[in-house]
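**Student:** Just passing along the structure, written as structure tokens.
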Amino acid sequence: MRALVYHGPGQISWDTVADPAIEEPTDAVVRVDATTLCGTDLHIRRGELPEVKPGTVLSHEAVGEVAEVGREVHSTTVGDQVIVSSISACGRCQFCRDSMFGQCHGGGGWILGNLINGTQAEFVRVPFADYSTRRRPGTLALEDAVLLAEVLPTAYEVGVRNGHVGPGDTVVVVGAGPVGLAAVMTARGSTRHAGSSLWTCPTPGSKPPPGWVPTPPNCPDG
Ligand SMILES: [Zn+2]
Ligand SMILES: [Zn+2]
């Protein structure tokens, strides 16, 4: 299969690599239909995460179709459309039982595209598939569903929930990238008086969405 492989600081390439296979009975192999790049991948590319070894397939967010399952996978089966969580969860350790999957001590946590091969590939092996994949409703488009693998839950958990956003609050989100936009969206679900957002010219000459406060007032022209 083809995959985006990290070869060391500053070096990534689109290579032919071996197809992933079931290694543990709790694994699934998923055919990747949509994936994303995270800011973390840029840190890896710059060599700032030395635990990522050269030869690792990058990235940790995907949606796709289950191609193969191990004999101990019960919640999903071949042919299912699934969202692959950026965080894998063993489902058994104390942290997983407390819904703190990122801290999993049973072999999960952030491992895709970090300690094992990730999702910028035609296929990805997903450990602990029962707890690390979610069924994708057919009504949810691929490009929307892929945002649920990390972008939207990150914005909600880290921004809105940890920020204790509540009814009547005014919220300012600085940085209108994908996670910032998802923070605005999920804050609006938590407060009737959804705040305006500072909007920081992503590209020269661009115009802010309705209701947003541009900073600076006018984007420099391209
Ligand atoms: Zn990420
Ligand atoms: Zn765990």
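Readers should treat all values here as calculations from the given coordinates under stated rules, not as data from a laboratory. Please read all numbers here as calculations on a predicted model, not as lab measurements. Heads up, the Cβs are rebuilt from the backbone with ideal geometry, glycines too, and the neighbour counts pull from every protein chain shown.
**Student:** Give me the extension gain from Glu23 to Val158: residue separation times 0.36 nm, minus the current Cα-Cα distance, reported in nm with one decimal.
**Tutor:** 45.3 nm
**Student:** Separation of the range 1-51 and the range 112-140 by C-alpha centroid, Å?
**Tutor:** 12 Å
**Student:** Which percent, to the nearest 5, of DSSP beta bridges fully inside the chain are antiparallel?
**Tutor:** The antiparallel proportion sits near 90 percent.
**Student:** On to the next question. Using a basic spin-label model with each label point 7 Å from the Cα along Cα→Cβ, how many nm lie between Ile12 and Thr170?
**Tutor:** In this crude label model, Ile12 to Thr170 measures out at 3.9 nm.
**Student:** Once amide H atoms are placed 1.01 Å from N in the peptide plane, what residues at a sequence separation of 5 or more from Ala62, or on another chain, have their amide H within under 5 Å of its amide H?
**Tutor:** Distant-sequence amide H within range of Ala62: Val84.
**Student:** Once the dipole of the chain is set up with Lys and Arg at +1 and Asp and Glu at -1 on Cβ about the Cα centre, which of Phe128, Ala149, His60 lies farthest towards its positive end?
**Tutor:** Towards the positive end, the residue furthest out is Ala149.
**Student:** Let me ask something else about it. Size of the range 48-177 along its principal axes in angstrom, Cα-based, largest extent first?
**Tutor:** Per principal axis, max minus min of the Cα coordinates gives 49, 39, 30 Å.
**Student:** Looking at the square roots a ≥ b ≥ c of the eigenvalues of the Cα gyration tensor of the range 70-121, which shape do they give, rounded for a/c under 1.5, prolate if a/b is larger than b/c, or oblate?
**Tutor:** oblate
**Student:** For the chain, find the longest principal axis of its Cα atoms and tell me its angle to the long axis of helix 178-188, 0 to 90°, nearest 10.
**Tutor:** Approximately 70 degrees, to the nearest 10.
**Student:** Share of Cα-Cα pairs in the chain beyond 26 Å, in percent?
**Tutor:** Counting pairs separated by more than 26 Å, the tail of P(r) holds 44 percent.
**Student:** Right, next: Nearest 20 debye, what's the magnitude of the dipole of the range 2-145 about its Cα centre given +1 on Lys and Arg Cβ and -1 on Asp and Glu Cβ?
**Tutor:** 200 debye
**Student:** Collect residues whose amide H, placed 1.01 Å from N in the peptide plane, falls under 5 Å from the amide H of Ile12; neighbours closer than 5 in sequence don't count.
**Tutor:** Result for Ile12 returns His7.
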